[in-house]
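Report on the structure given below.
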Amino acid sequence: MAIYINTNQNVQINFEISSIGDRLLAYLIDALVIGGIAIGVLFIGAATEFALGMFLMFIPIFFYHLICELFMNGQSVGKRSRGIRVMKKDGNPASFSSYFLRFLLRPIDSFYGLGLAVIFFTNNNQRLGDLAAGTVVVNIKSEDDLKQQIRQEMNINPHEGIKYPEVAQLTEKDIEIIRTILHNRVESKEHHVVHELAKKIAEKINVEYDKDWAYYFLQRLVQDYYKTHMEE
């Protein structure tokens, strides 16, 4: 199972939905962390007033998951150790309201393992908090993994230099138009559009190209554009 998002380079990246096993292990690790916090606060409470000690223990334990997900970009200590993260189902980062909804429904999810039961019967391994917040828990990718997937999608050779550095003058909208024209050229059979576009783009960035190879010129511009932005 996976979800798909579009990067700033208009390349679709897939994120695998985290397994139930990873989520359970993350939960157990977080439980150990919470237990450690409780023990530490008890020692602090022993040296202070009892009521103050209980209050100090209540805050980090009760708000642990909410605080972690807010300040650790959708992760907790357990999730980070397992390489998983909370994000919106559409691939965008989760918002405060999403984290807060997950937090509010956590006690219900924890009631007799209700959340675990729901996870088993949902396509994206979502508990009640995830369903309400529109979130999923995914396996995260490293920056190198993301770049490698973008290179494969765009057939970019990392060892090949940038032929048209002038491509930096183009906007994301320009590249999107080029990609759309190149993608539709076979079905539309309007090859003159490719040549007209190549001419306009060449004039815009002040470069010369072989008029008989308009398609390959535009394709190389797209590759150079992505390569330029990936190396920033």
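Brief remarks follow.
- Restricted to region 105-144, and to residues there that are of a type in the set (Ser, Thr, Tyr) and closer than 20 Å to Arg80 by Cβ, the residue that is modelled with the highest pLDDT is Thr135.
- Among the residues here, Arg102 does not qualify as over 14 Å from the mean Cα position of the chain (by Cα) and open to solvent by 20 Å² or more (accessible area, probe 1.4 Å).
- Filtered residues of region 69-99 (kept if in contact (Cβ under 8 Å) with a residue 60 or more places away in the chain and more than 13 Å from the chain's Cα centre (by Cα)): Arg82
- Test for Ile177: is it at pLDDT 85 or above and part of a helix (DSSP H, G or I): no
The values are calculated or read from the model by the stated rules, or taken from the named source; none is laboratory data. Since we're looking at a predicted model, the values are computed, not measured. Every residue, glycine among them, receives a Cβ derived from its backbone with ideal geometry; neighbour counts consider all protein chains shown. For accessibility, only protein heavy atoms count, side chains too; no ligands or nucleic acids. Shrake-Rupley method; radii C 1.70, N 1.55, O 1.52, S 1.80 Å.
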